[in-house]
Amino acid sequence: QATVAHSFTRWHKVSPTRSLSKPPSVTRTMNQDTGIYIAVPADIANKILREGYVCTRRRRVPAHRNREGAICAYRRCQGSRPPALLQVKVPPGVGVTTTTPDKCGIKLETQQLEPQYLSTDVQAHTISPYSSSLAFTTPYLYQMPVRPASARPSAPGPSLPGTTHADRVRRLQQCQPTTLYHCTAMTNAYSIKNQRQFLPGTRGFIGPGIYFSRKPEFAKRYCQCRAPGPRVVLQCQVRLGKIKSVFKNHNGTGQELLAEGCDSYEEINRDSLMLPDNRDGQIDMDSVHIMTDPVANYKDPWASFM
């Protein structure tokens, strides 16, 4: 049984002389309206896409004109159960009721939506932010963005120039590689060389990712590797593209970079650069080599436990 998002209800302070009368409902018929969304449990979303949506507990399907609003309303009912966001094309002749004209919550005057009127919300998909060739065959598992509690959900707008994957690939092809340095444990360095891949870290000054410095001594100083053994420095050629400068404790992500038309992070007041990942080949793995001398005066933090 599918559960969908409910419309928002906002309570206003009124004077004692005013009554809390409910505004009149507004009903109209829409023809193939595509700006409507419903949130359903992620574990049954594929079944709903195949078999259609049936509202068994209500005579009308609650929906929303705003993605964030649909997810907020869903979480009020489902708590921690992961949601999936679906886009709805209103069937011809089906009425749409807006109970509060200045809100985005609506009701579809039907108990059932056939599969041809449901689709995954491709525009909001963030599972693979850098991939333009991914076929969207699974529903989008929505992650609520961080925003002030008082902010009203905003309607989705058009993509900004330079924020598509094709724009990103074009920028990286045109920029010249930069020589950077990455410090890690010697065992990790040989794994990087043999497997020809960098694995993003789970923490860092400006978020989880792959960290570099413009000078090897700063790479040694800022190394946060917790693996035992001596530290070594890797020299790499990296295409930084358009750099976004941020302060310490900024939680940078690949989605944020793509949305702002950027390709890498640099921390203000520190020789520290970060890539959330290397899925677009910004690091030239053929150029990676281990510098000869391990980090001087290294003390193994695990020595006392051995």
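Quick check on TYR130: is it at pLDDT below 65, surrounded by 14 or more Cβ atoms within 10 Å (Cβ to Cβ), farther than 30 Å from ARG76 by Cα and in contact with a helix residue (DSSP H, G or I) (Cβ under 8 Å, 6 or more places away or on another chain)?
yes
Identify the single condition in (1) modelled with pLDDT of 85 or more; (2) surrounded by 17 or more Cβ atoms within 10 Å (Cβ to Cβ); (3) over 16 Å from the mean Cα position of the chain (by Cα); (4) not in a strand (DSSP E or B) that ASN269 does not satisfy, given that it satisfies every other one.
Failing condition for ASN269: (2).
Quick test of your reading of the structure: SER191 fulfils all but one of (1) at pLDDT 90 or above; (2) open to solvent by 70 Å² or more (accessible area, probe 1.4 Å). Name the failing condition by number.
Of (1) at pLDDT 90 or above; (2) open to solvent by 70 Å² or more (accessible area, probe 1.4 Å), only one is false for SER191: (2).
Kindly evaluate MET274 against the criterion of being surrounded by 13 or more Cβ atoms within 10 Å (Cβ to Cβ) and modelled with pLDDT under 90.
For MET274, the condition - surrounded by 13 or more Cβ atoms within 10 Å (Cβ to Cβ) and modelled with pLDDT under 90 - is not met.
Given (1) at pLDDT below 90; (2) out of contact with any helix residue (DSSP H, G or I) (no Cβ under 7 Å at 6 or more places or on another chain); (3) not hydrophobic (A, V, I, L, M, F, W, C), where does GLN197 come up short, assuming only one miss?
(1)
Mind listing just one residue for me: the one in region 68-121 that is open to solvent by 10 Å² or more (accessible area, probe 1.4 Å), within 20 Å of ASP43 (Cα to Cα) and of a type in the set (Asp, Glu) and, of those, modelled with the highest pLDDT?
GLU114
Which pairs do you get when a residue that is within 12 Å of GLN235 (Cα to Cα), found in region 201-220, comes within reach of a residue that is open to solvent by 80 Å² or more (accessible area, probe 1.4 Å), reach meaning Cβ atoms under 9 angstrom, with the pair 6+ apart or on two chains?
Matching pairs, first to second residue: SER213/LYS220; SER213/ARG221.
May I ask you to list the residues in region 226-249 that are outside any strand (DSSP E or B), over 23 Å from ASP286 (Cα atoms) and not aromatic (Phe, Trp, Tyr)?
Passing the criteria: ARG226, ALA227, PRO228, GLY229, PRO230, LYS248, ASN249.
List the pairs whose first member sits in region 242-253 and is loosely packed, with under 12 Cβ neighbours inside 10 Å, whose second member is aliphatic (A, V, I, L, M), and whose Cβ atoms are under 6 Å apart, counting only residues at least 6 apart or on separate chains?
Within 6 Å, the pairs are PHE247/ILE268.
Restricting attention to region 161-175, does a residue exist that is of a type outside the set (Asp, Glu), surrounded by 14 or more Cβ atoms within 10 Å (Cβ to Cβ) and in contact with a His (Cβ under 9 Å, 6 or more places away or on another chain)?
no
(1) at pLDDT 95 or above; (2) exposed (fewer than 14 other Cβ atoms within 10 Å of the Cβ): which one isn't true of PHE212, the others all being true?
Condition not satisfied by PHE212: (2).
The values are calculated or read from the model by the stated rules, or taken from the named source; none is laboratory data. Remember, it's a predicted structure, so these values are computed and weren't measured experimentally. All Cβ positions, glycine included, derive from the backbone under ideal geometry; neighbour counts span all protein chains shown. Accessible surface areas use protein heavy atoms only, side chains included; no ligands, DNA or RNA. Shrake-Rupley method; radii C 1.70, N 1.55, O 1.52, S 1.80 Å.
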